[in-house]
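Notes follow the structure.
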Amino acid sequence: MFRDLTCSSLRPASAALAALMAPLFVALLLLPADRSEAQTSTPSLSVADIRKITTGYRAAARYIARKEAFVIESLRRYPGATTTLNVLIGRELQPQILSYANDLKKEATRAFASRLAKFGRAKVQQLQMQVNALREDPNLTKEMIKTSGLPAITELGMNLLPGAAEILGDSQKLLEKRQDLLRLGLLWDMTQAPGTAPFAQRLESKEKATLISALPMPPNAIRILHSNQLLSKNLEREESEAVAALNETRILLGLMPVLIDPLLTAAARSHSAEMERLGYFDHTSPTPGREHFAQRAQLHGTTANAENIYMNTQPDGRVANQAWFVSPGHHRNMLGNYSRVGLGRSGAYFTQMFAR
């Protein structure tokens, strides 16, 4: 189930969010936003114990087998070692993640150039125009999107976007880097709080973002994607996947990606949570002062121009975007002239809000 709502009478987005557009270190995506995500409730260590753990970890140097044995033994011997080890492993992971991402992007850029040469720029432009023209049709129907738009965007993705498996299959060096990362990532997982997304899952999301960033796009678009990689750390997995899928679609169609707005995200989450709590599915809230999505955005200190909602007992961010894409109103919102997005999930309910 899904519904959309638009509003063209709201004020433009605040310039305050422009500061978020600055380039950010992409490697930080895989590490906790703060120490609250790691296990901090265990007994604290003495300064001497922290020094012992730090010295022992560094002594293992690049010998991963020794490092694995040391981490396991330290966690057994020192109940409060998780935070210290988390910091040590995180510091080691950061430059390796950045190096891997840079190499993956270089290989993906070459793969894209090869694919584009075979597919042809004229064909790309034809398919982009085919999809982009749909939302301008006042008589747009779901059938039109399914028979014209969906095949076109699918063809663009299949012919332009190389998969991580394809890139890794052509580069033994890159594959070995990934294997080293995963092995170190398993140690990092040992120091995380229960319920934290495993490193392998985070790495997969990072790879998807890197492959998209290899597509040719203006500098502003690249800055938005870099900013989103850091901002998405504050999203739960399906929220992050939904935003990533949205921007993949926009980029493939030659449109600017949208920037994650934390305030708009909070507004979207609040509506999803209320729909779940009160058992309704509608853009109009029964709560006074929250009836319209513009009011809900204002309550969270921001603005909104459009809203999509979706409900499924098996919540999946990418599936939600696929459902919105083939629905005329949602389709227009997804590909509209917006610069910010907020996406919030609560249980089976998704809310996607857009703003200029």
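General observations
- Heavy atoms of the protein chains alone define the surface here; on that basis the chain has 46 Å² accessible area per residue at 1.4 Å probe size.
- Relative contact order of the stretch 250-342, taken over Cα pairs closer than 8 Å and 6 or more residues apart, is 40 percent.
- The angle separating the long axis of helix 82-119 from the principal Cα axis of greatest extent in the chain is about 50 degrees.
- Solvent-accessible area, 1.4 Å probe, carbon plus sulfur percent, for the stretch 243-356: 53
- Rounded Å value of the spacing that divides the Cα centres of the stretch 269-327 and the stretch 329-344: 13
- Placed amide H near A306: partners under 5 Å, 5+ positions off or other chain: C7, F354
- Of K105/K233; K52/K105; K118/K177; K146/K206; K177/K233, those spanning more than 27 Å from alpha-carbon to alpha-carbon: K52/K105; K118/K177; K146/K206
- The angle separating the long axis of helix 237-252 from the principal Cα axis of greatest extent in the chain is about 60 degrees.
- Backbone amide hydrogens, once placed in the peptide plane, bring L253 within less than 5 Å of nothing, excluding anything fewer than 5 places away on its chain.
- Antiparallel DSSP beta bridges within the chain, percent to nearest 5: 90
- Distance in nm between pseudo-label sites at T141 and N159 (7 Å out along the Cβ direction from Cα): 2.7
- Seen against the Cα atoms of the chain and their longest principal axis, helix 219-231 is set at about 60 degrees.
- Backbone HN-Hα couplings from phi across the stretch 141-148 [Karplus 6.51/-1.76/1.60, Hz, Gly and Pro as x]: 10, 4, 4, 4, 5, 5, 8, 10
- Rolling a 1.4 Å probe over the protein heavy atoms of the stretch 63-186, with every protein chain left in place, gives an accessible area that is 55 percent carbon and sulfur.
- Projected onto their three principal axes, the Cα atoms of the stretch 300-350 cover extents of 29, 27, 13 Å, largest first.
- ³J(HN,Hα), Karplus 6.51/-1.76/1.60, whole Hz, each residue of the stretch 333-343, x for Gly, Pro: 5, 4, 9, x, 7, 10, 10, 10, 9, x, 10
- Phi-based couplings in Hz for the stretch 64-77 (Karplus 6.51, -1.76, 1.60; Gly and Pro marked x): 5, 5, 5, 5, 4, 5, 5, 5, 4, 5, 5, 5, 6, 7
- At R0 = 35 Å, FRET efficiency that the Cβ-Cβ distance of T313 and L116 yields, to 0.05: 0.30
- If the segment from A197 to L98 were pulled out straight at 0.36 nm per residue, it would be longer than the present Cα-Cα gap by 33.7 nm.
- Overall, the anisotropy analysis places the stretch 129-251 in the prolate class: the square-rooted eigenvalues a ≥ b ≥ c of its C-alpha gyration tensor yield a/c not less than 1.5, with a/b exceeding b/c.
The values are calculated or read from the model by the stated rules, or taken from the named source; none is laboratory data. Bear in mind the structure is a predicted one, so any value in this text is a computation, not a measurement. Cβ atoms come from the backbone with ideal geometry, glycine included; neighbour counts cover every protein chain shown. These area figures cover heavy atoms from the full protein model, side chains too; ligands, DNA and RNA do not enter into them. Shrake-Rupley method; radii C 1.70, N 1.55, O 1.52, S 1.80 Å.
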